[in-house]
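Student: Dropping the structure in here first, questions after.
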Amino acid sequence: MGKLRSDYQNLVDELDQAIKNDQVYLCRDLLEHMDPAVSKSSVVRSYFEKHEEVLQNLRSDIENLDTLLGQLNTDEGWKLASKNSKVTVYFQKKEDSPFLMTKAETLLEANLGSLPTLFVKLLSLFNENDLMPKWFPMGVMKGNDCLYQPTKFSKIIQPQIKLPLPLSAVIGPRESVVVGKGYDMSERKAVAISINPLNAGETVDDWVCPETPQGFTRFVMFGAYYFELTPKGISFKLLQQLDLKSKMIPAPILNWLSKGAMPNEFMSKIRDRIKKYEGSIWEERVNANPELYDDVKDRLMRTLQKEYG
């Protein structure tokens, strides 16, 4: 009986750590072992009762991630917009919006041994949110502050953009508040980040989403970033839907940009930034945060070793 109780306590401890690390699918695997034990184990039952809201959110995250990966990893429902040697772009029309959802894919080629290092370089471009204006296409992003960080891989971000001339002469600066929710799937050789907007007054934990700053218009952005290690390199996918809340840029024009110039330029900037990683501020940030980056890199290396030897 003592050993059984200890085994359940180990499962609880492992689940607790996996939740803190945003390892959603590892959490799902653990829950599959723990759910049948609720009626048998006071340890599991007590944990479930104490963390009821957390576990409800976790189960919702699992469903949302399943849906997100379904969108990213299937061609069903997508139409081809363009394809070249580097980038493939798809689009689909949503019934509830005049704005297109676009998906762009590229492969960052690398040999197996260098994949974890390349993965960390790519991850740093998105995790170091305040540095994104330094590489974001066309210099339109003027700020990207973190307002709150609920978990290790999740942040609430406030991107601010100003369009280039001549558009900036008629369209004022825009800002948004979004939840960038990270999903660590190192055991699957992947990481996903979903992007969803927040409205003023909405809460995350005890944090409250602020009103739109004076002089700005709040735009709406949905999307995701997805990185997966493959034998040929890192498959990177971008999912995006934008509404700039401007009558000066009607939906057909924004849709044309969204499925053409914008994703291609985005992928080009990523490639360029990775080439210039050595000696950069991104390298400094990675070296200064081994708890995050070394942890991800080590687990990816163990996964690759297990799968490919």
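The values are calculated or read from the model by the stated rules, or taken from the named source; none is laboratory data. These numbers come from a predicted model, not from an experiment. Note: ideal-geometry Cβ built from the backbone for every residue, glycine included; neighbour counts use all protein chains shown. Only protein heavy atoms, including side chains, enter the accessible area calculation; ligands, DNA and RNA are left aside. Shrake-Rupley method; radii C 1.70, N 1.55, O 1.52, S 1.80 Å.
Student: Give me a count of the residues in region 36-48 that are within 30 Å of the chain's Cα centre (by Cα) and open to solvent by 60 Å² or more (accessible area, probe 1.4 Å).
Tutor: Qualifying residue count, region 36-48: 0.
Student: So, one more: Mind checking which residues of region 124-172 are within 18 Å of SER280 (Cβ to Cβ), of a type in the set (A, V, I, L, M) and under 17 Å from the mean Cα position of the chain (by Cα)?
Tutor: LEU125, LEU131, MET132
Student: Among the residues of region 278-288, is there at least one that is β-branched (Val, Ile, Thr), without any contact (Cβ under 8 Å) to a residue 12 or more places away in the chain and exposed (fewer than 14 other Cβ atoms within 10 Å of the Cβ)?
Tutor: Among the residues of region 278-288, not one is β-branched (Val, Ile, Thr), without any contact (Cβ under 8 Å) to a residue 12 or more places away in the chain and exposed (fewer than 14 other Cβ atoms within 10 Å of the Cβ), which makes the answer no.
Student: If you go through region 90-102 one residue at a time, do you hit one that is of a type in the set (Gly, Ala, Ser) and over 20 Å from the mean Cα position of the chain (by Cα)?
Tutor: Yes; the residues of region 90-102 include at least one that is of a type in the set (Gly, Ala, Ser) and over 20 Å from the mean Cα position of the chain (by Cα).
Student: Next question. So ILE62 ticks every box in (1) open to solvent by less than 20 Å² (accessible area, probe 1.4 Å); (2) without any contact (Cβ under 8 Å) to a residue 40 or more places away in the chain; (3) in a strand (DSSP E or B) but one. Which box is left unticked?
Tutor: (3)
Student: Looking at the structure I just gave you, is ILE234 in contact with a Lys or Arg (Cβ under 6 Å, 6 or more places away or on another chain), over 27 Å from VAL177 (Cβ atoms) and either β-branched (Val, Ile, Thr) or crowded, with 17+ Cβ neighbours inside 10 Å (or both)?
Tutor: no
Student: Which of (1) over 16 Å from the mean Cα position of the chain (by Cα); (2) over 23 Å from ASP7 (Cβ atoms) does ASP66 not meet, given it meets every other one?
Tutor: Tallying (1) over 16 Å from the mean Cα position of the chain (by Cα); (2) over 23 Å from ASP7 (Cβ atoms), ASP66 fails exactly one: (1).
Student: Across region 17-44, what is the number of residues that are among the charged types (D, E, K, R), out of contact with any helix residue (DSSP H, G or I) (no Cβ under 8 Å at 6 or more places or on another chain) and in a helix (DSSP H, G or I)?
Tutor: 4
Student: Another question, if that's okay. Can you pull out the strands (runs of 3 or more DSSP E) entirely within region 72-121 that have at least 1 residues that are among the acidic types (Asp, Glu) and either buried (at least 16 other Cβ atoms within 10 Å of the Cβ) or at pLDDT 90 or above (or both)?
Tutor: Filter on region 72-121 gives 101-109.
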